[in-house]
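Peer 1: The structure's right below; bear with me while I get my questions together.
The values are calculated or read from the model by the stated rules, or taken from the named source; none is laboratory data. Small disclaimer: the values here were computed from a predicted structure and weren't measured. So basically every Cβ, Gly included, is an ideal-geometry build from the backbone, and we count neighbours across all protein chains shown.
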Amino acid sequence: MTLRQAWPMPSVPRPIVIIGTGGIVKDAHLPAYRKAGFSVAGLYDTDRDRAAALATEWGVPKAFSSLEEAAEADAVFDVAAPPVAHAAILGALPAGAAVLLQKPMGLDLDAATAIRQICRTRNLTASVNFQLRYSAMMLALADAIRQGRLGELVEIEVHLNLVTPWHLFPHLIPNPRVEIVSHSIHYLDMIRALAGDPAGVFARSYGHPSSKLADTRTSAILDYGDRLRVTLSINHHHDFGRRFQDASFRVEGTEGAAMIKLGLLLDYPVGEPDELWLAPHGGPWEQVPLQGKWFPDAFVGPMANLQRYAAGEDDTLATHYEDAWRTMALVEAAYQSARQPMTALPNG
């Protein structure tokens with residue numbers, strides 16, 4: 001039984017203008033688009049020298065001198081700028097444009113709501129780049145679930161115990177919220193894609209003595225009733241060698257189970273191979289050969305889906321801004337939960 005591992009490509013791909021030229025564009029967007037055969041028509045960044053240098057390095061024909069000039073292009077817009085800049089950029093793009101927004105959709109739900117309103121008002125065909133959904137391992141997992149190979153879902157667990165090189169992301173230092181909105185949001189979005197919206201969430205995030213960031217460790221439980229248990233245990237500071245480091249996404253059902261290794265996160269950004277293992281109830285584990293990695297291959301899917309949806313070739317835009325707002329609502333609920341007191345022990 002075969003499993004879907006890639007998003008179909010648009011019949012007539014449109015050129016892409018990328019707004020923002022940070023590390024994620026160099027490491028993921030541009031390699032993915034080149035591999036997929038997408039044409040990048042131009043780059044824009046407030047740091048014009050950086051945009052020009054990256055355009056030269058990747059053979060992109062144009063480094064725009066202003067956002068207004070970039071917005072005049074007949075293209076699909078890939079907004080890979082920091083979330084605090086999203087609203088202003090969206091307001092400068094043509095009404096009705098097709099837009100891919102880097103995640104997160106703002107840093108809190110108020111910002112996400114403002115972005116949603118801009119997209120509605122300006123009639124933008126917009127989605128958010130929750131690219132984990134489009135990785136080969138997660139597309140295959142979702143397909144296995146659709147085919148009934150796991151039966152009714154009863155367990156979803158995300159477990160990270162590793163070292164993340166936070167020094168690569170100095171722009172996060174002033175943020176009052178870090179781990180959930182910048183990292184675990186991927187897993188919350190993926191869980192929503194598999195199981196829908198939970199009724200609620202309990203969560204706590206913690207800092208670490210070795211880090212200047214507000215929080216880099218998280219524990220969370222999502223409420224899906226009394227049959228499906230969903231938990232996250234995230235520790236980015238297990239700096240004691242590779243032996244017990246882990247980055248796994250476990251899904252169990254009444255008929256089968258799946259184990260995913262998020263290889264990218266082990267020795268990031270070099271990473272290890274991603275892995276997907278499936279087992280029927282009472283049967284052996286079998287590894288599914290994967291046709292692509294999370295980085296950079298998963299970055300093809302969001303752009304392909306956006307272009308196909310805008311052209312009428314796809315009925316669904318998987319990470320449409322309306323759906324992405326629901327992920328941001330879950331993130332906001334997690335932070336609200338963290339502000340609530342835990343249940344106190346009874347006094348004897």
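Peer 1: Taking the stretch 206-222 only, how many residues are closer than 25 Å to Val154 by Cα and among the small types (Gly, Ala, Ser)?
Peer 2: Adding up the residues that qualify gives 2.
Peer 1: Tell me, which strands (runs of 3 or more DSSP E) lie completely within the stretch 6-106 with 1 or more residues that are within 19 Å of the chain's Cα centre (by Cα) and modelled with pLDDT of 95 or more?
Peer 2: Strands (runs of 3 or more DSSP E) meeting the threshold: 16-19, 76-79, 98-101.
Peer 1: Among the residues in the stretch 304-321, are any more than 24 Å from Ala144 (Cβ to Cβ), modelled with pLDDT under 95 and out of contact with any Asp or Glu (no Cβ under 6 Å at 6 or more places or on another chain)?
Peer 2: For the stretch 304-321, residues more than 24 Å from Ala144 (Cβ to Cβ), modelled with pLDDT under 95 and out of contact with any Asp or Glu (no Cβ under 6 Å at 6 or more places or on another chain): absent.
Peer 1: Go through Leu306, Leu330 for me and flag whichever is in contact with a Leu (Cβ under 7 Å, 6 or more places away or on another chain), part of a helix (DSSP H, G or I), within 26 Å of Val178 (Cα to Cα) and not assigned by TED's automatic domain parsing to the domain that holds Pro165.
Peer 2: Leu330
Peer 1: With the condition kept exactly as written, say whether any residue in the stretch 274-293 is surrounded by fewer than 20 Cβ atoms within 10 Å (Cβ to Cβ) and among the aromatic types (Phe, Trp, Tyr).
Peer 2: Scanning the stretch 274-293 turns up at least one residue that is surrounded by fewer than 20 Cβ atoms within 10 Å (Cβ to Cβ) and among the aromatic types (Phe, Trp, Tyr).
Peer 1: Let me ask another. Kindly provide the set of residues from the stretch 240-251 that are over 12 Å from Ile156 (Cβ atoms) and touching a residue at least 40 places away in the same chain (Cβ under 8 Å), ordered by number.
Peer 2: Passing the criteria: Phe244, Gln245, Asp246, Ala247.
Peer 1: Among the residues of the stretch 154-195, which ones are free of Cβ contacts under 8 Å to residues at least 40 places away in the same chain and of a type in the set (Val, Ile, Thr)?
Peer 2: Listed by number, the residues that qualify are Val178, Ile191.
Peer 1: Another question, then. In contact (Cβ under 8 Å) with a residue 60 or more places away in the chain, surrounded by fewer than 20 Cβ atoms within 10 Å (Cβ to Cβ) and assigned by TED's automatic domain parsing to the domain that holds Asp226, is that true of Gly151?
Peer 2: yes
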